[in-house]
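Peer 1: Sharing a structure below in structure tokens format, with a few things to ask.
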Amino acid sequence: MCSFGLMQLCFCRRFATCGTMTPEEQEQRVLYASVLEYEQDHEWPKIWKANLKKNPNDPMLVSGLISCLLSYPDHPVMKLLKRLQYRVYNRLYPIVSQCVPLSTAPGRSLPLKPSRSAQSLLLSDSFISPQQQHSPLKSAMTHSLSDASISLSPSHDLNANDTNSENDLDESSTLVSTDRENSFEDLEKFLTQLDWVPSHSGDDMDSDVIFDTTHIDLKSHINHLEERALKEHLKAIVKDIHNAIDRLLSLCLLSFECLNTANSKDQCVASIEEVFFTPLWCPLLVLFRKVHRERELAVESSMRLHRNVSPGDVGVPSKLFPRDPAVLHGCYPYESAVQELKLLCRDYCPQKKLECIVRTLRIICGCAEEYRLLQENDPPPKSAAIGADDLLPILAFVALRSETPQLVSECAALEEFIHEGYLIGEEGYCLTSMQSALTYVESLLLGGAPPPAAKPT
């Protein structure tokens with residue numbers, strides 16, 4: 001009884017108000033009540049709070065608490081996370097599941113390399129990268145993935161209460177599991193069936209010509225409307241995801257006030273995003289690839305045409321790559337950076353993808369320094385071996401050799417979901433450099449494009 005009275009006192013102090021509550025405040029009121037009710041029936045939140053009260057600045061304790069919190073599927077935070085995942089996915093599914101081939105300019109039917117975006121949301125551990133398998137959040141992601149029995153019907157009621165939603169989802173999991181598995185096999189048709197022209201036959205040749213002209217104009221107009229609608233839909237989904245992350249962070253801070261510090265918030269957001277994005281990234285990327293289809297086609301064509309170029313062909317100074325192939329023992333210049341960049345598509349969390357790009361650029365800098373020393377035999381300089389003018393052509397070469405055109409959409413997605421704090425630091429510089437390199441690779445399709453930053457040797 002004493003515990004119940006304390007719970008009521010905490011509730012009244014936090015939500016005491018004299019005016020009308022906004023919908024957001026009403027939602028927080030309901031969620032906080034569910035948190036207090038959960039804590040009354042479970043001991044582990046009290047133990048963590050007591051430990052953090054003794055050592056509030058211990059980063060290991062904060063990390064442990066967040067991992068523990070996200071590993072309990074019955075906690076209100078995880079229930080809200082799953083509900084928000086369902087909502088985003090149900091907005092994605094009607095777009096990414098329809099198998100209408102995409103038309104393009106006459107004579108262009110360049111198939112893109114298959115990506116991982118055709119996989120089901122019900123990912124197994126075998127689809128998770130080795131880094132994720134050893135992550136302290138693996139348990140949380142496993143719960144999130146195993147519980148992601150998301151209804152494939154666009155008419156799924158998103159406004160139902162939590163209990164009805166979860167019951168409906170459990171029932172639909174059994175009924176449509178086969179359809180779900182089959183439906184995701186067709187997602188890549190958006191990017192591989194690029195040229196579809198209906199045949200017309202008739203005895204009147206003049207009428208055929210008039211019809212074809214009208215059809216082409218109408219088709220172009222429809223394509224324009226479709227592209228605009230897709231961009232607006234993507235914009236709305238991106239906004240929904242940002243709102244979802246904010247709501248989850250707010251509930252975490254309501255549940256554990258000890259997390260309400262700058263460092264703890266950053267840790268909390270990173271952990272939430274890893275769990276939230278893992279089952280959603282594949283269908284989300286399909287939508288990004290639809291929106292950026294033309295750019296990916298141009299990049300794919302350039303990668304195909306220029307797959308065997310040397311670094312010097314794209315403006316890399318000769319001092320920054322070996323001219324004697326024997327020195328590399330059967331490898332090509334910057335191959336380790338290329339292999340690192342290819343790993344980007346194996347992760348499902350924006351932060352991890354950004355870290356992959358940062359590692360790629362660091363490997364490039366290390367290789368450039370090694371290659372310079374091989375040729376000049378000078379002592380290592382006090383400053384960096386390469387600057388931005390040298391980095392961009394090397395990065396363009398690495399992007400070309402990666403043969404991964406979906407980097408265009410991956411980088412576009414990262415730009416939407418990476419926090420502003422990262423965009424002004426090393427991570428932001430690396431992402432901007434990668435996008436500049438991809439823009440240069442895209443321009444190669446037009447022919448005669450100058451190197452991104454050619455420097456005299």
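The values are calculated or read from the model by the stated rules, or taken from the named source; none is laboratory data. What you see is a predicted model, and the numbers here were worked out from it, not measured in a lab. All Cβ positions, even for glycine, are placed from backbone atoms using ideal geometry, and neighbour counts span all protein chains on display. When the accessible area is computed, the model is the full protein with side chains, heavy atoms only, and any ligands, DNA or RNA have been set aside. Shrake-Rupley method; radii C 1.70, N 1.55, O 1.52, S 1.80 Å.
Peer 1: Check Glu340, Glu376, Glu410, Glu370 and return the single one that is open to solvent by 10 Å² or more (accessible area, probe 1.4 Å) and under 21 Å from the mean Cα position of the chain (by Cα).
Peer 2: Being open to solvent by 10 Å² or more (accessible area, probe 1.4 Å) and under 21 Å from the mean Cα position of the chain (by Cα) holds for just one of Glu340, Glu376, Glu410, Glu370, which is Glu340.
Peer 1: In region 417-428, which residue that is assigned to a helix (DSSP H, G or I) and surrounded by 16 or more Cβ atoms within 10 Å (Cβ to Cβ) is modelled with the lowest pLDDT?
Peer 2: Only one residue fits best here, namely Tyr422.
Peer 1: Name the residue that is farthest from Pro73 (Cα to Cα), counting only residues in region 274-304 that are of a type in the set (D, E, K, R) and surrounded by fewer than 21 Cβ atoms within 10 Å (Cβ to Cβ).
Peer 2: Looking at residues that are of a type in the set (D, E, K, R) and surrounded by fewer than 21 Cβ atoms within 10 Å (Cβ to Cβ), I get Arg304.
Peer 1: Also, quick follow-up: Conditions: (1) closer than 22 Å to Leu444 by Cβ; (2) open to solvent by less than 40 Å² (accessible area, probe 1.4 Å); (3) outside any helix (DSSP H, G or I). Arg307 meets all but one. Number of the miss?
Peer 2: Every condition holds for Arg307 apart from (2).
Peer 1: Within region 338-347, how many residues turn out to be farther than 13 Å from Glu403 by Cα and part of a helix (DSSP H, G or I)?
Peer 2: 1
Peer 1: Could you check region 317-330 and list, in sequence order, the residues that are within 15 Å of Ile364 (Cα to Cα) and assigned to a loop (DSSP other than H, G, I, E, B)?
Peer 2: Those that are within 15 Å of Ile364 (Cα to Cα) and assigned to a loop (DSSP other than H, G, I, E, B): Pro317, Phe321, Pro322.
Peer 1: Looking at region 39-84, which of its residues are assigned to a helix (DSSP H, G or I) and over 32 Å from the mean Cα position of the chain (by Cα)?
Peer 2: Glu39, Gln40, Asp41, Trp44, Lys46, Ile47, Lys49, Ala50, Asn51, Leu52, Lys53, Lys54
Peer 1: I need the full set of residues from region 253-271 which are over 17 Å from Met60 (Cα atoms) and of a type in the set (A, V, I, L, M, F, W, C), in order please.
Peer 2: Across region 253-271, the qualifying residues are Leu253, Leu254.
Peer 1: Which of the residues that make up region 230-262 are open to solvent by 60 Å² or more (accessible area, probe 1.4 Å) and either part of a loop (DSSP other than H, G, I, E, B) or more than 17 Å from Leu69 (Cα to Cα) (or both)?
Peer 2: Selection gives Lys231, Glu232, Lys235, Lys239, His242, Asn243, Asn260, Thr261, Ala262.
Peer 1: Take region 40-78 and flag every residue that is open to solvent by 80 Å² or more (accessible area, probe 1.4 Å) and charged (D, E, K, R).
Peer 2: Correct list: Asp41, Glu43, Lys46, Lys53, Lys54.
Peer 1: Show the residue pairs that are 6+ apart or on different chains and have beta-carbon atoms under 9 Å apart, the first residue being within region 393-409 and not assigned by the TED database to the domain that holds Gly312, the second being assigned to a helix (DSSP H, G or I) and not basic (Lys, Arg).
Peer 2: none
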